[in-house]
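Enquirer: Structure incoming, see below.
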Amino acid sequence: MNNVSNQQLFLDDIKVLRALNQAQKSLQVKSFVQKGNLNRLLPYERIDNLMDSMDTCVPIAPYCGGLATGEHCGVLASLGLIANRPCVVVANDYCQKGGSLSPLGVDKILRCIEVAKKHRWPLVFLVESAGADLGQQSKVYTKTGRIYAEMARVLQSGVPILSVVHGSATAGGAYLPGMSSYVIMVQGAEAYLAGPPLVEAAMGQKVDGQALGGVDVHCQSGLVDAVAKDDGHALELVRQWVSSQNYLGCFEKLKEKDKKDMGEMLNLVAYDSSKPYALSKVFDVLFDEGKWDAFQSNNGTDTVTVWGGVGGHVVGVIGNQGPFSSVGARKAASFIQECDVRGVPVVFLQNTPGFGCGRDAEASGIIVAGSTLLKAVTLATVPKYVFIIGGSYGAGSYAMCSRAYDPSMIFAWPNSRLAVMGAQSVVGVMDVLARKKGKKLSKEKRQQWVERYERESHVHFTSSQLWDDGIIDPRLTRHYLILWMRFSAVSVRGTKVD
């Protein structure tokens, strides 16, 4: 492996991601200035200013939407510490279509609610939304109702929800504070199920926004619990509210010994997932003091299973060195079950071409072995942390705890690819099918299939569709894992409801 060029490929991708982050912020600034909102905070500033530190802040699905498809998302979200307590924060991006809810934006909010509910972390909404994106009503209308249903279930479990109404909260946007356990409203903000234009059209009433749903109205209606003079004051009130919640456990701050130079990861893991590399060297970098213990090291070597410490937390790690064999799948299933019995979280390092196929594989019981592994992944009760560090294809992706298997978190490296199969494999299948019909797959058709699968398996596309919780710099893998595990040791009291 050419380490210099391999590392540079990763660095080039990381540079692109940073440029995209900056471009998103620049778009907010441009919209902000054009609308004359000079005394208010930008959407990303509301989150950043609320967090204790960006070092303990994990953005959730930051590339959902426009990264590859041009679709607007309209939602920003992060997991981080507020008053030294973990919270999930969701902010409407009012710089995009007035913070209206798009299909992907709804999915992102639902993912945030899922994270908050699963870990029993308070949920904070920073609201400024025009409601549903009317141009996409057929795709957004019915699924939006799921947001409010899930909010009710979160509250039933004893996990609190706070909403800050920063600006206009219309229709569905108004139900975010309506479904919350505590509401802060900024002076000048408005909340109503139907805005002044619709009220005039439907009711014949001419009324301005403040008279219809301003602070004075909602202090009387019962919606508002506290009033803030501006955005900054509102965030101070949020911090006070978080401090008053009844938490179990305390966040353990990261120490110097928890920090390791992960730069070597860019050399050790092949950027091209078809090229082999030594997982043992990856473990040396990932684990505390480079110490780890293997599980059945001489059995099913296509699947690597080890235990080790990460930031003082014992974890089990499953990695791939080729397609799953029957032996490797059974070994992984046994390992997951053993971790579950011990109460040890499982970390999946996804880089799999899938399950083995062919006569020998079928005769060895690959279907039964694969199904056994899928059951083990599904039924494991311990936290499941996923990093897609290469290609992740077919049912092999399922077996390595992809989105459908409810991982606690799932992050992708910039070189990752995710699809039912690789582009060349698709062309091979289509070619065989064409020949069986006495036809020949044209060069143009081949190219079309390759281009489609390369585009739709690329991490920019998959992350835009919320198939992961974000694309990360590989050097932050250990940091994110430690943060999430330490956040998980802290939760609010209440009754757990599945």
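The values are calculated or read from the model by the stated rules, or taken from the named source; none is laboratory data. Keep in mind the model is a prediction, meaning the values are calculated, not measured. Glycine gets a Cβ as well: all are built from the backbone with ideal geometry, and neighbour counts include every protein chain shown.
Enquirer: So Q465 passes all but one of these: (1) surrounded by fewer than 20 Cβ atoms within 10 Å (Cβ to Cβ); (2) under 26 Å from L9 (Cα atoms). Which condition number does it fail?
Expert: If we test Q465 against (1) surrounded by fewer than 20 Cβ atoms within 10 Å (Cβ to Cβ); (2) under 26 Å from L9 (Cα atoms), just (1) comes out false.
Enquirer: Just the residues that are in contact with a Phe, Trp or Tyr (Cβ under 9 Å, 6 or more places away or on another chain) and surrounded by fewer than 19 Cβ atoms within 10 Å (Cβ to Cβ), please, taken from the range 155-174.
Expert: Listed by number, the list is empty, since nothing qualifies.
Enquirer: Additional query: Among the residues of the range 135-156, is there at least one that is outside the structural domain of V382 (by TED's automatic domain parsing) and not in a helix (DSSP H, G or I)? Before you say what the answer is, go through the steps one by one.
Expert: Step one: filter the range 135-156 for residues outside the structural domain of V382 (by TED's automatic domain parsing), giving 135-156.
Then drop every residue that is not not in a helix (DSSP H, G or I), which leaves none.
Looking for residues that are outside the structural domain of V382 (by TED's automatic domain parsing) and not in a helix (DSSP H, G or I), one finds none in the range 135-156, hence no.
Enquirer: One residue is enough: does the range 143-151 have a residue meeting the conditions out of contact with any helix residue (DSSP H, G or I) (no Cβ under 6 Å at 6 or more places or on another chain), among the hydrophobic types (A, V, I, L, M, F, W, C) and under 20 Å from V88 (Cα atoms)?
Expert: Within the range 143-151, one or more residues are out of contact with any helix residue (DSSP H, G or I) (no Cβ under 6 Å at 6 or more places or on another chain), among the hydrophobic types (A, V, I, L, M, F, W, C) and under 20 Å from V88 (Cα atoms).
Enquirer: Considering (1) assigned to a loop (DSSP other than H, G, I, E, B); (2) surrounded by 24 or more Cβ atoms within 10 Å (Cβ to Cβ); (3) touching a residue at least 60 places away in the same chain (Cβ under 8 Å), say which one P414 fails and leave the rest.
Expert: Among (1) assigned to a loop (DSSP other than H, G, I, E, B); (2) surrounded by 24 or more Cβ atoms within 10 Å (Cβ to Cβ); (3) touching a residue at least 60 places away in the same chain (Cβ under 8 Å), the lone unmet condition for P414 is (2).
Enquirer: Just a yes or no: is a residue in the range 240-262 at negative phi, part of a helix (DSSP H, G or I), touching a Lys or Arg at 6+ places or on another chain (Cβ under 8 Å) and modelled with pLDDT of 95 or more?
Expert: Yes; the residues of the range 240-262 include at least one that is at negative phi, part of a helix (DSSP H, G or I), touching a Lys or Arg at 6+ places or on another chain (Cβ under 8 Å) and modelled with pLDDT of 95 or more.
Enquirer: Scan the range 434-487 for residues that are hydrophobic (A, V, I, L, M, F, W, C), part of a helix (DSSP H, G or I) and within 27 Å of G105 (Cβ to Cβ) and jot them down. Explain how you work it out, then say what you get.
Expert: We begin by selecting, within the range 434-487, every residue hydrophobic (A, V, I, L, M, F, W, C); these are 434, 441, 449-450, 459, 461, 466-467, 471-472, 476, 481-485, 487.
Next, only the ones that are part of a helix (DSSP H, G or I) stay: 434, 449-450, 459, 461, 476, 481-485, 487.
If the condition is that a residue be hydrophobic (A, V, I, L, M, F, W, C), part of a helix (DSSP H, G or I) and within 27 Å of G105 (Cβ to Cβ), then V459, F461, L476, L483, W484, F487 are the ones that fit.
Enquirer: May I pose another question? Here is a check on your reading of the model: is Y182 surrounded by fewer than 22 Cβ atoms within 10 Å (Cβ to Cβ), within 18 Å of C112 (Cβ to Cβ) and over 23 Å from the mean Cα position of the chain (by Cα)? Full working, then the answer.
Expert: Details: surrounded by fewer than 22 Cβ atoms within 10 Å (Cβ to Cβ): yes; within 18 Å of C112 (Cβ to Cβ): yes; over 23 Å from the mean Cα position of the chain (by Cα): yes.
The answer is yes for Y182.
Enquirer: Pull up the range 76-114, narrow it to residues that are under 15 Å from E45 (Cβ atoms) and among the hydroxyl-bearing types (S, T, Y), then point me to the one that is surrounded by the most Cβ atoms within 10 Å (Cβ to Cβ).
Expert: Checked the range 76-114; the qualifying residue surrounded by the most Cβ atoms within 10 Å (Cβ to Cβ) is Y94.
Enquirer: Name the one entry in A434, A399 that is over 30 Å from L248 (Cα atoms), among the aliphatic types (A, V, I, L, M) and touching a strand residue (DSSP E or B) at 6+ places or on another chain (Cβ under 8 Å). Steps first, please.
Expert: Details: A434 fails: touching a strand residue (DSSP E or B) at 6+ places or on another chain (Cβ under 8 Å).
When all the criteria are applied, what remains is A399.
Enquirer: Consider only pairs whose beta carbons are under 9 Å apart and that are at least six residues apart or on different chains; among these, list those whose first residue lies in the range 177-196 and is more than 14 Å from V217 (Cβ to Cβ) and whose second residue is buried (at least 17 other Cβ atoms within 10 Å of the Cβ) and of a type in the set (F, W, Y).
Expert: Correct list of pairs: S180/F125; Y182/W241; I184/W241.
Enquirer: Counting only residues that are modelled with pLDDT of 95 or more and more than 16 Å from the chain's Cα centre (by Cα), which one in the range 115-134 is surrounded by the fewest Cβ atoms within 10 Å (Cβ to Cβ)?
Expert: Here is the first cut: in the range 115-134, the ones modelled with pLDDT of 95 or more are 115-128.
Applying the additional criterion that residues be more than 16 Å from the chain's Cα centre (by Cα) yields 120, 122, 124-128.
On the way: R120: 20, P122: 25, V124: 28, F125: 29, L126: 29, V127: 28, E128: 27.
Result: R120.
Enquirer: In the range 291-312, is there at least one residue being part of a helix (DSSP H, G or I) and either within 24 Å of the chain's Cα centre (by Cα) or more than 15 Å from A369 (Cβ to Cβ) (or both)?
Expert: Going through the range 291-312, the residues part of a helix (DSSP H, G or I) turn out to be none.
No.
Enquirer: Out of all the residues in the range 98-127, which are part of a helix (DSSP H, G or I), of a type in the set (G, A, S) and in contact with a Gly (Cβ under 7 Å, 6 or more places away or on another chain)? Write out each step before concluding.
Expert: Keep residues of the range 98-127 that are part of a helix (DSSP H, G or I), which gives 98-99, 103-119.
From what's left, of a type in the set (G, A, S): 98-99, 105, 116.
Those that are part of a helix (DSSP H, G or I), of a type in the set (G, A, S) and in contact with a Gly (Cβ under 7 Å, 6 or more places away or on another chain): G99, G105.
Enquirer: Okay, moving on. On the given criteria, is V377 at pLDDT 95 or above, part of a helix (DSSP H, G or I) and crowded, with 22+ Cβ neighbours inside 10 Å? Outline the logic, then answer.
Expert: Numbers: at pLDDT 95 or above: yes; part of a helix (DSSP H, G or I): yes; crowded, with 22+ Cβ neighbours inside 10 Å: yes.
When the stated conditions are applied, V377 passes them.
Enquirer: Limited to the range 222-239, what total is found for residues that are part of a helix (DSSP H, G or I), of a type outside the set (D, E) and touching a strand residue (DSSP E or B) at 6+ places or on another chain (Cβ under 9 Å)?
Expert: Here is the first cut: in the range 222-239, the ones part of a helix (DSSP H, G or I) are 231-239.
Checking which are of a type outside the set (D, E) leaves us with 232-235, 237-239.
Okay, now just the ones that are also touching a strand residue (DSSP E or B) at 6+ places or on another chain (Cβ under 9 Å), so 233-235, 237-239.
Number satisfying all stated conditions: 6.
Enquirer: Going by the conditions given, is R342 assigned by TED's automatic domain parsing to the domain that holds F295 and under 18 Å from the mean Cα position of the chain (by Cα)?
Expert: No; evaluated as a whole, the condition is false for this residue.
Enquirer: For the structure I just gave you, tell me whether V420 is at pLDDT below 95 and more than 24 Å from V304 (Cα to Cα). Break it down stepwise before answering.
Expert: On the way: at pLDDT below 95: yes; more than 24 Å from V304 (Cα to Cα): no.
No.
Enquirer: Would you mind finding the one in K229, K281 that is in the same structural domain as V89 (by TED's automatic domain parsing), free of Cβ contacts under 8 Å to residues at least 60 places away in the same chain and not hydroxyl-bearing (S, T, Y)?
Expert: K229 is the lone residue from the list that is in the same structural domain as V89 (by TED's automatic domain parsing), free of Cβ contacts under 8 Å to residues at least 60 places away in the same chain and not hydroxyl-bearing (S, T, Y).
Enquirer: Can you go through A191, A152 and tell me which one is surrounded by 14 or more Cβ atoms within 10 Å (Cβ to Cβ), of a type outside the set (V, I, T) and under 30 Å from K118 (Cα atoms)? Full working, then the answer.
Expert: Details: A152 fails: surrounded by 14 or more Cβ atoms within 10 Å (Cβ to Cβ).
From the options A191, A152, the qualifying one is A191.
Enquirer: Also, I was wondering about something else. Going residue by residue through the range 434-451, is there one that turns out to be in the same structural domain as C357 (by TED's automatic domain parsing), at pLDDT 90 or above and within 21 Å of the chain's Cα centre (by Cα)?
Expert: no
Enquirer: Residues that are over 19 Å from the mean Cα position of the chain (by Cα), small (G, A, S) and in the same structural domain as I367 (by TED's automatic domain parsing): does the range 463-476 have at least one?
Expert: Of all residues in the range 463-476, those over 19 Å from the mean Cα position of the chain (by Cα) come to none.
Checking the range 463-476: not a single residue is over 19 Å from the mean Cα position of the chain (by Cα), small (G, A, S) and in the same structural domain as I367 (by TED's automatic domain parsing).
Enquirer: Continuing with the same structure: Which one of these is touching an Asp or Glu at 6+ places or on another chain (Cβ under 6 Å) and surrounded by fewer than 20 Cβ atoms within 10 Å (Cβ to Cβ): K206, K229, K275?
Expert: On the way: K229 fails: touching an Asp or Glu at 6+ places or on another chain (Cβ under 6 Å); K275 fails: touching an Asp or Glu at 6+ places or on another chain (Cβ under 6 Å).
K206 is the lone residue from the list that is touching an Asp or Glu at 6+ places or on another chain (Cβ under 6 Å) and surrounded by fewer than 20 Cβ atoms within 10 Å (Cβ to Cβ).
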